[in-house]
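**Student:** Before I ask anything, here is the structure I am working with.
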Amino acid sequence: MQAKGCRAFIHPKTITMKHSAYIIFISLVLSACQQTKREAISSYPDSLIEYVDTIYTPPVAVTDTLQRDSIDLTLVPGRWWQPVPGKEEEQQGFHLMKGGKIKGLNMPALIYEKWEIVSDTLMLWSDMVSGEDTTRLIDTLLVRNVNDSVMVLFPHNAAAGYFEIYHREGAKGKKK
């Protein structure tokens, strides 16, 4: 006989939709809480690794995709000119001399100190003077091409496809 107030059996007709949702939820929680034994690495018995790592991906080798032109470094010294941005009829540039000496050409706010080329990278040390303020700069430029009349430079932080093209003084149609 059943005691008053104690239900040992719930009749199927008295189970509501709310009860069904609770039962399903509790079943899912209990099944999710059960630990499944992972397969241990058998090839490393003395290892501290207990489980197989399923997240690890090997590193991908990073390669330089920029094709480098062969550069004849003996062609770099000289007077190099380019149009002043916004004033195409005017020219500006620099004179790269042997021994790392450099002089700005038609750039009064930029005082060059020295230049150096390492592999295919041209570095220009300078001070930019603006009123009483002076800012130290090091321009880092990849030399993409240089010949008797043209030097093509790619600034270090420039957008892809941007190049600065300089023409050697004395080259056909350039400032003398």
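The values are calculated or read from the model by the stated rules, or taken from the named source; none is laboratory data. Everything quoted here is computed from the prediction, not taken from an experiment. Backbone-built Cβ (ideal geometry, glycine too); neighbour counts: all protein chains shown.
**Student:** Within segment 161-176, which residues are among the aliphatic types (A, V, I, L, M) and at pLDDT 85 or above?
**Tutor:** ILE165, the sole residue that qualifies.
**Student:** Can you tell me which of ASN147, ASN157 is at pLDDT 90 or above, surrounded by fewer than 13 Cβ atoms within 10 Å (Cβ to Cβ) and over 17 Å from PRO108 (Cβ atoms)?
**Tutor:** From the options ASN147, ASN157, the qualifying one is ASN147.
**Student:** Just checking: which of the strands (runs of 3 or more DSSP E) contained wholly in segment 72-113 hold 1 or more residues that are touching a residue at least 40 places away in the same chain (Cβ under 8 Å)?
**Tutor:** 78-84, 87-96
**Student:** What residue, of SER149, SER130, is closer than 23 Å to LYS87 by Cα and touching a His at 6+ places or on another chain (Cβ under 7 Å)?
**Tutor:** Criteria check complete, one pass: SER149.
**Student:** Would you please name the residue that is nearest to the chain's Cα centre (by Cα), looking only at residues in segment 130-174 that are in a strand (DSSP E or B) and of a type in the set (S, T, N, Q)?
**Tutor:** So the residue we want is THR140.
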